[in-house]
Structure formats: structure tokens, C-alpha cells
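The values are calculated or read from the model by the stated rules, or taken from the named source; none is laboratory data. Keep in mind it's a predicted model, so treat the numbers as computed, not measured. Here Cβ is always computed from backbone atoms with ideal geometry, including for glycine, and neighbour counts include all displayed protein chains.
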Amino acid sequence: MKKILLLAGILFSAFVTFAQKDYKVVFDLTSKDSNDQRAAIRWLNEVSKAEPTAQMEVVMYGQGLDLVTKGKSAAADDVIRLAQNKNIAFKVCQVAMKAHNLTTDDLLQGVQTVPDGIYEVISKQRQGWGYIKVKI
């Protein structure tokens, strides 16, 4: 009887482990290319449709700030709409903002800042998030 209960417990644990969907991905955007910007938006839309509970974050540094900068974004309306989703975040590196003479007033609605974009990406990876470099 103990063996049956032990086996049942192991099978139940395995089922619970594999049944859970743990979809977390950080997108690394350093390109100002509008095609790369559109690709990031397309991927966010596709993933959120396929798995609505997926957690996604786009981290921008270097030249990637254009995606979320007023007057420069090739997808401003999409960024604002997606930023309203509690499972999607757009985060901009404050070091890159300073280098490009940008303030938070220059960013689209819903965009957040982080002290260091590279550290943000590394932190997400340490937490088990998947990593995608946005470059098509």
C-alpha cells in the first residue's frame, strides 16, 4: 500500500510539474532598425495570443530606445497598447537614456526605466527567463 501511495504521489507531482506553463521571456533590443522594432511587437502579439499568461519583457539599450521614444517609434500605438497588458513590460536603460539625452518625458506611455539594461537582462536570465535577441 505504501508503494502505491508513493507511486501515486510521484505521478501527481510529475503531472503538476509538467502541466504548469512557465512562459517567461526577455527580449533584448539594441537596434534602431524599424524592422527589428516591428519584429519585437509581432513576437509579443503572437506569444500573448498563443499563451495569454506568458510574462514578457522588452529591454532596450544602446540604439534600441527608438521603439519607445515619442516621435521615433515605428510602433508607438502598439507599444502603448501592449504596455497596458500586466504580463508585458517595456524597460529602458537609464544609462542609454542619458547617453541619448532622453528623459522619461520622451518615452511613450507605460514604458518603464531600469538603472542598467544589461543587468536587467542578466537578472531575468538568472531567474530562469528565456532570452531572445531581437535582430531579424
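Hey, any hits in segment 120-129 for a residue that's under 12 Å from the mean Cα position of the chain (by Cα), outside any helix (DSSP H, G or I) and either surrounded by 14 or more Cβ atoms within 10 Å (Cβ to Cβ) or modelled with pLDDT of 95 or more (or both)?
Yes; the residues of segment 120-129 include at least one that is under 12 Å from the mean Cα position of the chain (by Cα), outside any helix (DSSP H, G or I) and either surrounded by 14 or more Cβ atoms within 10 Å (Cβ to Cβ) or modelled with pLDDT of 95 or more (or both).
Conditions (1) within 18 Å of W43 (Cα to Cα); (2) touching a Gly at 6+ places or on another chain (Cβ under 6 Å); (3) basic (K, R), marked per residue:
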{"residue": "A75", "(1), (2), (3)": "yes, no, no"}
{"residue": "D78", "(1), (2), (3)": "yes, no, no"}
{"residue": "A83", "(1), (2), (3)": "yes, yes, no"}
{"residue": "F90", "(1), (2), (3)": "yes, no, no"}
{"residue": "L102", "(1), (2), (3)": "no, no, no"}
{"residue": "G110", "(1), (2), (3)": "no, no, no"}
{"residue": "D116", "(1), (2), (3)": "no, no, no"}
{"residue": "Y119", "(1), (2), (3)": "no, no, no"}
{"residue": "K135", "(1), (2), (3)": "yes, no, yes"}
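Here's a check for you: in segment 46-65, which residue that is among the small types (G, A, S) and touching a Cys at 6+ places or on another chain (Cβ under 9 Å) is surrounded by the most Cβ atoms within 10 Å (Cβ to Cβ)?
G64
Determine which member of the set I41, I80 is assigned to a helix (DSSP H, G or I), touching a helix residue (DSSP H, G or I) at 6+ places or on another chain (Cβ under 6 Å) and β-branched (V, I, T).
I41
I'm checking my understanding of the structure. Among residues of segment 66-112 that are buried (at least 18 other Cβ atoms within 10 Å of the Cβ) and β-branched (V, I, T), which one is farthest from W129 (Cα to Cα)?
So the residue we want is T69.
So how many residues does segment 83-119 have that are outside any loop (DSSP other than H, G, I, E, B) and under 16 Å from the mean Cα position of the chain (by Cα)? Walk me through how you get there before you give the answer.
Here is the first cut: in segment 83-119, the ones outside any loop (DSSP other than H, G, I, E, B) are 83, 88-99, 104-107, 112-114, 117-119.
Now drop any that are not under 16 Å from the mean Cα position of the chain (by Cα), which leaves 83, 88-93, 112-114, 117-119.
Within segment 83-119, residues that are outside any loop (DSSP other than H, G, I, E, B) and under 16 Å from the mean Cα position of the chain (by Cα) number 13.
Answer yes or no: is there a residue in segment 51-59 that is assigned to a helix (DSSP H, G or I) and touching a strand residue (DSSP E or B) at 6+ places or on another chain (Cβ under 9 Å). Reasoning before the result, please.
Within segment 51-59, the subset assigned to a helix (DSSP H, G or I) is none.
Scanning segment 51-59 turns up no residue that is assigned to a helix (DSSP H, G or I) and touching a strand residue (DSSP E or B) at 6+ places or on another chain (Cβ under 9 Å).
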